[in-house]
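Undergrad: Take a look at the following structure, please.
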Amino acid sequence: MRVLSMRGGHDASVSIINEGKLELFLKEERYSGVKRDCNLNYCWGGLIASKSLTNLDYAVLQTTDGEQLSFFGRQLLIFSPDVKIISTLEEGKLELGRHHHLFHASNSFYSSGFDDALVVVVDSSGGYLGPLSNPSMYENQSVYHMNYDKCVSLYKGYKTPGVSNRKPIAKGVGKRDIEVSFGWEGIGIGDLYNTAPLIMGQSVQDCGKAMGLASYGKSVDKLSNLFDSGNFNKVIDYFKDVNPLLSDFFTFKSESSTPTYITEENCTIYADYCYEVQTQTSNKMCEIVDTYIKKTGIKNVCIGGGYGMNIVNNYNLIRKFPEVNFYFDSLCEDTGLSLGIAKFVYRKLSKDKKVCVNDNISFHGLNHDVTPYIGHKASIKNICAALIQDKSVGVFYGQAEAGQRALGNRSILFNALNCNAKDIVNKIKKREWYRPFAAIVLEEDAHLYFENVIPSPEMTLCFPVKSEYAIVIAGVTHVDGTSRVQTIGSDHFLYELLTEFKKLSGHGILLNTSLNLAGDPLVETPQQAINMLNESSLDYLWFFETKQLFKSTF
């Protein structure tokens, strides 16, 4: 059975599942160049170019654009005349828009390799209750018990839109716990975390920036208990001298907070707030996990939804629950929803109960021919010689990473031993000064540098840097003494490069960040990579497959 899923909305993407396995994944922003693009036009072109639209059994279409929905439906019937187009599943009439969290959960569970697990999904706003034209509530926190026979909802957290003076309520319905919050009172984990980038003058899509700035902060007594009633009065009072417009913003009288340029001189008040938000949301997440582990006795846990991108929280979970097997979904944000929908529909309609071992979903998209691009021949030894001399090298190889984190195929590499690496690479990428960078390290050497480290091939965790190495690998050691880590096994194409760099430097570790500039999507095509090279202070671009090296003309 082949199932196509096309999902519009921010981070729009399409997926094809063939007999339970991922056959194709395309993300709109990579082809349009518009970060978090909500359209599906380029994905549709990619489906046609890859000749993927024939012999489809089912197609699931989810978009708010009625004309586009109708167009795709008509065209699909031309390519696959027998395809069944789904907007509602029978057996309870599962309406797609109402089950946002279920699809996050499906992507996480069916990628995990577990045969039975708890799945915790946390974001800001998921599926809705009530009519689409005027929803009464949105889900923001969910816990499921999933296996290959059933999916049982154990807990639902809902929020009402807008402002309300009503108090949060909690109740049990059958075997499910339900919690409802009204307006900003009794706020959920996702919404509280969103306030951090908003207060920084960023968008809710910039939570990663808040996570980076949080490491510069400390605990503040007046910001304690941000989940309690009256929380936003507390926040407004805290920022009254630097952002008096927050009151209008949090009561929906203004569409944006005051734009803020955060410097090393004025960052303390923002960093402290981000620290409290990071700490309190992570503690709340741990409470949810703890509650349902104790209720069910299940020791396999999948983490999905946008909050699953929070690597600091993910490390807290493995540290606090050492007896639990965790799977952190690398496509946990809305990018992965088309995949979750396709997996759910396939399992529901095929009745296939075969346990799916994680079939690396990290790299997908279209294959690109790099042979027309001729630079200068450069071996792995040549690249390592450049890196040891503190040159920045962009790497382009194979299909692009499906998610937001560069795992080598679309990466910028730099010498992690350079104490100024963070400043140098942030300038190349035109990013904020406080944002840290990840480490890419030989898996067998990871324990030398990091405390409590476990294999992390998809870069979903951070770990404390061992004190004796904090200065040695200063380029990837954040101000709080941690580092986001990608471990590289012998099957990874960069293993040989790291091994060679270790021969030169004594350390099989480099800085790794995504091949893009601030505000742009990850580079997808060879020409996009060449353009980026010539629009930035990146020193070199290396096409791994052909070993062609290009020097910046910037």
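The values are calculated or read from the model by the stated rules, or taken from the named source; none is laboratory data. Bear in mind the structure is a predicted one, so any value in this text is a computation, not a measurement. Every residue, glycine among them, receives a Cβ derived from its backbone with ideal geometry; neighbour counts consider all protein chains shown.
Undergrad: Of all residues in region 406-429, which are in a loop (DSSP other than H, G, I, E, B) and in contact with a Ser or Thr (Cβ under 7 Å, 6 or more places away or on another chain)?
TA: First, pick out the residues of region 406-429 that are in a loop (DSSP other than H, G, I, E, B): 406-409, 415-420.
Answer for region 406-429, where residues must be in a loop (DSSP other than H, G, I, E, B) and in contact with a Ser or Thr (Cβ under 7 Å, 6 or more places away or on another chain): A406, L407, L417.
Undergrad: Please enumerate the residues belonging to region 325-340 that are farther than 12 Å from A402 by Cβ and of a type outside the set (F, W, Y).
TA: Restricting attention to region 325-340, the residues satisfying the condition of being farther than 12 Å from A402 by Cβ are 325-328, 334, 337, 340.
The answer is N325, D334, L337, G340.
Undergrad: Right, another one. Within region 481-491, is even one residue part of a loop (DSSP other than H, G, I, E, B), more than 30 Å from L366 (Cβ to Cβ), touching a helix residue (DSSP H, G or I) at 6+ places or on another chain (Cβ under 9 Å) and outside the structural domain of C332 (by TED's automatic domain parsing)? Don't jump to the end; show me each part of the working.
TA: Kept after step one, since they are part of a loop (DSSP other than H, G, I, E, B), are these residues of region 481-491: 481, 489-491.
Pick out the ones that are also more than 30 Å from L366 (Cβ to Cβ) and you get 481.
Add one more test, that the residue is touching a helix residue (DSSP H, G or I) at 6+ places or on another chain (Cβ under 9 Å), and what stays is 481.
Checking the rest, the ones that are also outside the structural domain of C332 (by TED's automatic domain parsing) come to 481.
Yes: region 481-491 contains one or more residues that are part of a loop (DSSP other than H, G, I, E, B), more than 30 Å from L366 (Cβ to Cβ), touching a helix residue (DSSP H, G or I) at 6+ places or on another chain (Cβ under 9 Å) and outside the structural domain of C332 (by TED's automatic domain parsing).
Undergrad: Somewhere in region 391-403, is a residue on the phi < 0 side of the Ramachandran plot, of a type in the set (D, E), under 27 Å from the mean Cα position of the chain (by Cα) and in a strand (DSSP E or B)?
TA: yes
Undergrad: Another question about this same structure. Got a sec? Which of G97, G9, G73, G45 is on the phi > 0 side of the Ramachandran plot, in contact (Cβ under 8 Å) with a residue 12 or more places away in the chain and not aromatic (F, W, Y)?
TA: On the way: G97 fails: on the phi > 0 side of the Ramachandran plot; G73 fails: on the phi > 0 side of the Ramachandran plot; G45 fails: on the phi > 0 side of the Ramachandran plot.
Just a single option satisfies the conditions, and that option is G9.
Undergrad: Which one is surrounded by the most Cβ atoms within 10 Å (Cβ to Cβ) among residues in region 113-137 that are hydrophobic (A, V, I, L, M, F, W, C) and in a loop (DSSP other than H, G, I, E, B)? Can you show your working first?
TA: Taking region 113-137 and keeping what is hydrophobic (A, V, I, L, M, F, W, C), we get 114, 117-122, 129, 132, 137.
Retained after the next criterion (residues that are in a loop (DSSP other than H, G, I, E, B)): 114, 132.
Working: F114: 25, L132: 10.
Among them, the one singled out is F114.
Undergrad: Check region 19-33 and report whether any residue there is in contact with a Leu (Cβ under 8 Å, 6 or more places away or on another chain), free of Cβ contacts under 8 Å to residues at least 60 places away in the same chain and either assigned to a strand (DSSP E or B) or farther than 22 Å from E401 by Cβ (or both).
TA: Looking through region 19-33, none of the residues is in contact with a Leu (Cβ under 8 Å, 6 or more places away or on another chain), free of Cβ contacts under 8 Å to residues at least 60 places away in the same chain and either assigned to a strand (DSSP E or B) or farther than 22 Å from E401 by Cβ (or both).
Undergrad: Do we find that V345 is within 22 Å of the chain's Cα centre (by Cα) and touching a residue at least 12 places away in the same chain (Cβ under 8 Å) in this structure? Before you say what the answer is, go through the steps one by one.
TA: Details: within 22 Å of the chain's Cα centre (by Cα): no; touching a residue at least 12 places away in the same chain (Cβ under 8 Å): yes.
The answer is no for V345.
Undergrad: If you don't mind, another one. Keeping to region 71-112, report how many residues are farther than 16 Å from M6 by Cβ, assigned to a helix (DSSP H, G or I) and at pLDDT below 90.
TA: So the answer is 1.
Undergrad: Mind telling me which of the residues N231, N225 ends up being surrounded by 13 or more Cβ atoms within 10 Å (Cβ to Cβ), over 18 Å from the mean Cα position of the chain (by Cα) and among the polar types (S, T, N, Q)?
TA: Working: N225 fails: surrounded by 13 or more Cβ atoms within 10 Å (Cβ to Cβ).
So the residue among N231, N225 that is surrounded by 13 or more Cβ atoms within 10 Å (Cβ to Cβ), over 18 Å from the mean Cα position of the chain (by Cα) and among the polar types (S, T, N, Q) is N231.
Undergrad: Does region 275-304 hold any residues that are over 23 Å from D228 (Cβ atoms) and of a type outside the set (K, R), and which are they?
TA: In the first step, residues of region 275-304 are kept if they are over 23 Å from D228 (Cβ atoms); the result is 293-304.
Passing the criteria: I293, T296, G297, I298, N300, V301, C302, I303, G304.
Undergrad: Would a scan of region 378-389 turn up a residue that is at positive phi, surrounded by 15 or more Cβ atoms within 10 Å (Cβ to Cβ) and assigned to a loop (DSSP other than H, G, I, E, B)?
TA: Of all residues in region 378-389, those at positive phi come to none.
The answer is no; no qualifying residue exists.
Undergrad: Answer with yes or no whether S552 is touching a strand residue (DSSP E or B) at 6+ places or on another chain (Cβ under 9 Å), buried (at least 19 other Cβ atoms within 10 Å of the Cβ) and of a type in the set (S, T, Y).
TA: Working: touching a strand residue (DSSP E or B) at 6+ places or on another chain (Cβ under 9 Å): yes; buried (at least 19 other Cβ atoms within 10 Å of the Cβ): no; of a type in the set (S, T, Y): yes.
Against the criterion (touching a strand residue (DSSP E or B) at 6+ places or on another chain (Cβ under 9 Å), buried (at least 19 other Cβ atoms within 10 Å of the Cβ) and of a type in the set (S, T, Y)), S552 does not qualify.
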